[in-house]
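Everything on this sheet refers to the single structure shown next.
What follows is calculated from the coordinates using simple rules that are stated; it is not laboratory data. Computed from a predicted structure; not experimentally measured. Cβ: placed from backbone, ideal geometry, glycine included. Neighbour counts: every protein chain shown.
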Amino acid sequence: MEELNIPFKNNHRKIYLLWALYSIVLFAFATSKHLLLGSSAWDLGIFEQFSWLIANGKLNTVSSLRGITPLQDHFSILLIPIGLIYKIIPSTLSLLALQSISLASVPFLIIRLARKKNLPKYLTRAIVSATILSPIIFLANIANFHPEVVSTPFMLLALSEVENIRGRNYYSFLLLSLAAKKSQVLFGAGLAIYGFLKGKRYRSAMTFSISLSWWIISSRFTNQSGDYIIDRLGYLGDSYLQILITLLVRPWSVFEEAPIDTIFLYTLGLLLSFVILLGSKSWQALISALPIYLTNVISSAGTHRELYSQYSIAILPFLVVASLDSYQNIIKGSKNSFKRIYYFTIVISFISFLGYSRIGYYPSRYFPRLAESREFHKLKSNIEANSGILTTDHYAAHFSNREMVHTIEDNDYKNLSRYDYILLPNKSIKSSLEPATIDQIIKQSKDFKFDCFSANEHQIICSKKFIK
């Protein structure tokens with residue numbers, strides 16, 4: 001049997017160095033996508049405007065992009081400390097850095113957890129490699145910004161503390177996980193199931209009670225943003241009871257909105273990196289992930305079944321714990337067998353990353369916008385910080401650090417007197433706007449004393465003030 005020697009056991013400096021390196025890699029991809037105009041007002045722009053409002057003491061001010069106040073969206077209490085960080089470093093990049101650092105901490109928390117379980121070093125390396133190469137982390141990081149993605153380490157730590165006799169840390173991590181978003185109640189439900197299956201029935205009951213209470217409280221604040229369940233599962237019934245009855249009586253109804261092939265590809269993408277690491281003792285963590293997984297699978301929103309979204313990030317901690325549990329109390333195995341697991345995991349995880357990560361979008365979608373992005377950022381530097389902006393979805397993600405910014409795509413731009421600038425893509429470049437729509441806005445802007453002209457070969461600016 002291999003010596004139980006956890007990698008980097010006495011070399012914390014190397015761990016921190018690798019953490020920093022991984023954070024930089026994640027940040028570089030997220031930042032380059034953003035700077036190359038790959039971000040959108042939904043959701044990076046919205047959450048930056050929320051953060052800007054909180055940072056400027058406007059917690060109860062309605063967001064121009066979302067039409068509700070920051071806490072009325074998802075009752076994300078975590079946005080308050082994020083807003084304080086944003087106040088210190090008021091930049092979109094500070095949000096992307098925070099998210100990248102948070103996600104980069106997950107593999108190195110795994111090393112700590114594996115050390116507690118006394119796992120062999122090659123198994124530890126295998127789980128770390130599967131996590132780093134999992135498309136879930138990469139995609140969640142570049143898919144704009146979301147508080148629940150930032151809370152991923154808290155979810156993993158909450159799961160790791162389920163069997164700890166002292167509950168202070170456990171409940172702290174549970175509350176921090178729930179604070180990210182109203183829908184984190186699904187993670188709370190999964191955590192309660194995991195505790196129950198681990199024999200912690202009192203803790204399980206408390207977890208479920210706290211999570212349900214969180215849902216009830218947050219629902220009172222978010223009633224203006226709609227009902228999360230009815231919005232996604234309304235095709236199954238008009239009420240929670242009707243939805244439940246439909247699922248019990250006619251479960252095949254979900255295939256009307258969720259084709260079997262998309263469910264299969266989604267499930268494969270979730271599991272592929274970890275498939276070799278899962279064993280007979282993984283079932284408890286896998287079952288516990290079902291509240292999140294099943295909600296994604298039966299949702300009418302196809303984005304729930306794409307890894308390129310934030311909806312799957314809460315499943316990742318369960319997959320990590322399932323892998324750790326699979327080798328708990330291991331007493332047999334040779335060094336060569338653990339090595340094979342490690343190398344096979346790297347190969348399969350790499351295949352999974354290439355197949356699901358959309359890394360090809362960088363040369364095909366983002367890099368071709370380099371010239372456009374250069375001209376855009378030059379133009380942006382000449383636009384006053386406190387001005388009202390009307391622009392497109394992708395441009396708006398760069399103007400969210402203000403109280404008044406609207407996207408043309410939401411069709412709520414008729415009163416042009418609210419704006420100081422209107423920024424449009426040139427009709428000759430590919431964009432979300434039809435040339436006829438651009439012409440219409442330019443024509444309307446003249447009635448409000450705007451002066452419109454081509455700022456460069458990529459953008460048209462309409463302004464009440466002179467722009468160099």
Structure-based [θ]222 nm, the chain - -39500 (n - 2.57) summed over DSSP H runs of at least 4, per residue, nearest 500: -17000 deg cm²/dmol
Unit charges at the beta carbon, dipole of the chain: most positive-side option, Ile217, Pro251, Val150: Val150
Rounded to one decimal in nm, the spacing of the 7 Å Cα→Cβ label points at Ser253 and Asp447 is 4.6
May I ask you to derive the FRET efficiency for Thr246 and Lys116 from their Cβ-Cβ distance with R0 = 51 Å, giving the value to the nearest 0.05? 0.70
Could you give the distance between the Cα centres of segment 112-147 and segment 36-101, to the whole Å? 27
What does the highest-first list of 262-271, 379-388 look like by mean Cβ count within 10 Å? 262-271, 379-388
Please give the peptides 318-325, 357-364 ranked by average Cβ packing (other Cβ atoms within 10 Å per residue), highest first, as a rough proxy for protection. 318-325, 357-364
When a/c is below 1.5 the answer is rounded, else prolate if a/b is larger than b/c, else oblate, so apply that to segment 258-368 with a ≥ b ≥ c taken from the square roots of the Cα gyration tensor eigenvalues. oblate
Between Asn60 and Asn415, Cβ-based FRET efficiency (R0 30 Å, step 0.05) works out to 0.85
Please work out how much length the chain gains when fully extended from Glu163 to Ile15, using 0.36 nm per residue of separation minus the C-alpha to C-alpha distance, in nm with one decimal. 50.7 nm
Kindly flag which residue pairs out of Lys58/Lys181; Lys443/Lys464; Lys33/Lys182 have an alpha-carbon separation exceeding 23 Å in this structure. Lys33/Lys182
Going by alpha carbons, how many degrees (0 to 90, nearest 10) lie between the helix axis of 79-88 and the longest principal axis of the chain? 60
Using alpha-carbon positions, the gyration tensor of segment 171-274 gives root eigenvalues a ≥ b ≥ c; with a/c under 1.5 called rounded, otherwise prolate if a/b exceeds b/c, else oblate, the class is oblate
Length-normalised contact order for segment 12-359 - Cα pairs under 8 Å, 6+ apart - percent: 22
Computed lengthening from Leu294 to Lys380, 0.36 nm per intervening residue step minus Cα-Cα distance: 26.6 nm
Per-pair calculated FRET efficiency, R0 = 30 Å: Ala28 and Asp261 via Cβ, rounded to 0.05: 0.35
With a ≥ b ≥ c from the Cα gyration tensor eigenvalues, square-rooted, and the rule rounded for a/c under 1.5, otherwise prolate when a/b > b/c and oblate otherwise, the chain is prolate
Below 18 Å, Cα to Cα, which lysines can Lys14 reach? Residues fewer than 8 away in the same chain don't count. Lys121
